[in-house]
Amino acid sequence: MTTETARTERVKVRIGDRVFGSSTVIAGSLILAVLAAVAIFLVVQSLPAFFAPSKELPGQPANFWAYVGPLVFGTVWSAAIALIVATPLSIGIALFISHYAPRRLAQTLGYIIDLLAAVPSVVFGLWGITVLAPFLQPFYAWLVDHLGWFPLFAGPVSGTGRTILTASIVLAVMVLPIMTAICREIFLQTPRLHEEAALALGATRWEMVRMAVLPFARAGIVSATMLGLGRALGETMAVAMVLSPALVVNFFLLQSRNPNTIAANIALQFPEASGISVNALLATGLVLFVVTLLVNSIARYVVGRRKAFSGAN
C-alpha cells in the first residue's frame, strides 16, 4: 500500500511537471508569435510607402527615406541627450541608496524612485509644458546670450522653452526609475569580500566604490543604459506634447524649430492620415521597431555576458 501511494504521488508530480513545462513553452511561443505577427504586419503595410512617388508622401519629400531620415535623427538625438542627463543621475542615486544612505532613508528613496515608473507619460508631458518649459526658458536665454558662439546653444532662443532639450529632460526623468533600479540591484550584488578587503587596506568609502563596486557593475550599468535608451526611443505622448516639431535635421538645442521623433510624429499625424500617408506612418513605425529591437538585443547580449561574471573571477 505504501509503495502504491508513493508511485501514485510520483505520477502526479510528473504530470504537474509536464503541464507546467508545456505551459511555459506555449507562453514563450506565444510571445514570439505575437512579435512575428507585428513584424509581418508592419512589413506588409510598409511596402507601398517604400515605392510610393514623392507627391503622395507626407510633405512630398524626394522619397520615403528622405521623409523618415529627419524622424530617425530626432528620435536618436533626443534619446541620446536624455541618456547623457539620466545616466550620471541614476548611477549617483543608486550608489547613494546602496552604499551611503541609512537603511530607512534608502528604503524611502527606493520606493519613490520606483513610484516614478507608474506615472503616466501624459502627466510628464503636462509637467514639461506647464512647469519645466517656462522654468527653463530664462536659462535658455542666458545660454544663448553667453554661449551662443557654441553651435549647440546658437540662437534665436525659443520664447516658450519647448525645445528638444526640454523634451530630452522629460525623457531623462521618465527613464530614471528603470536605470536607477537596475544599477541599484547591481551595486548591491557586489561581493561583500571585495568591499571589505578594500576598506581593510585603508580605502575610503569612495575609493572602495571606485575600485570594487563600479568595476563589478560596469556591464550592469551598460545594460541599464541600453534599456533606458530603448524606453526613450519609443516614448510618444510626452515628446508630442512638449515639442514644437518640424521635419528638420539640426543639432540646435534651444531653438523653436526642433526635429520630431518617429513615435511623436505617428501620434500627431495618424488621426488625419489617409491612403498612402497611413502606410508611410506604419513604415516609420517599422523603422522604429527595428531600431528598438536592435537596442534591446544589444542590452540582452550585455546582460548575457554579465552572467559569466562571479565574485571569484
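The values are calculated or read from the model by the stated rules, or taken from the named source; none is laboratory data. What you see is a predicted model; the values in this text were computed from it and never measured. Backbone-built Cβ (ideal geometry, glycine too); neighbour counts: all protein chains shown.
For this structure, a couple of remarks:
- Of residues in region 48-76 being over 30 Å from A219 (Cα atoms) and among the polar types (S, T, N, Q), the one surrounded by the fewest Cβ atoms within 10 Å (Cβ to Cβ): Q60
- Exclusive hit being assigned by TED's automatic domain parsing to the domain that holds L294, surrounded by 14 or more Cβ atoms within 10 Å (Cβ to Cβ) and closer than 30 Å to M208 by Cα, set A101, A79: A101
- Conditions (1) closer than 30 Å to F96 by Cα; (2) part of a helix (DSSP H, G or I); number of the one not met by V144: (1)
- Here region 246-290 is the region considered, the condition is being in a helix (DSSP H, G or I) and of a type in the set (V, I, T), and the residue that is farthest from Y140 (Cα to Cα) is I276.
- Only one of the numbered conditions (1) part of a helix (DSSP H, G or I); (2) farther than 30 Å from A118 by Cβ is violated by A203, and that is (1).
- Test: residue in region 226-245 that is within 27 Å of F124 (Cα to Cα) and part of a strand (DSSP E or B): yes
- Residue-level check: of (1) in contact with a Ser or Thr (Cβ under 7 Å, 6 or more places away or on another chain); (2) modelled with pLDDT under 85, A66 misses just (1).
- Checked against the criterion of being modelled with pLDDT under 85 and not assigned by TED's automatic domain parsing to the domain that holds R231, the candidates L42, L32, L57 yield just one match: L57.
- Residues within region 223-261 that are among the hydroxyl-bearing types (S, T, Y) and either surrounded by fewer than 19 Cβ atoms within 10 Å (Cβ to Cβ) or on the phi > 0 side of the Ramachandran plot (or both), tallied: 3
- Within region 142-167, residues that are over 13 Å from S244 (Cβ atoms) and surrounded by fewer than 20 Cβ atoms within 10 Å (Cβ to Cβ) reach partners that are modelled with pLDDT of 80 or more and acidic (D, E) with beta carbons closer than 9 Å, at six or more positions or on different chains, in the pairs G155/D145.
- Odd one out for L116, checked against (1) without any contact (Cβ under 8 Å) to a residue 12 or more places away in the chain; (2) more than 16 Å from I221 (Cα to Cα): (1)
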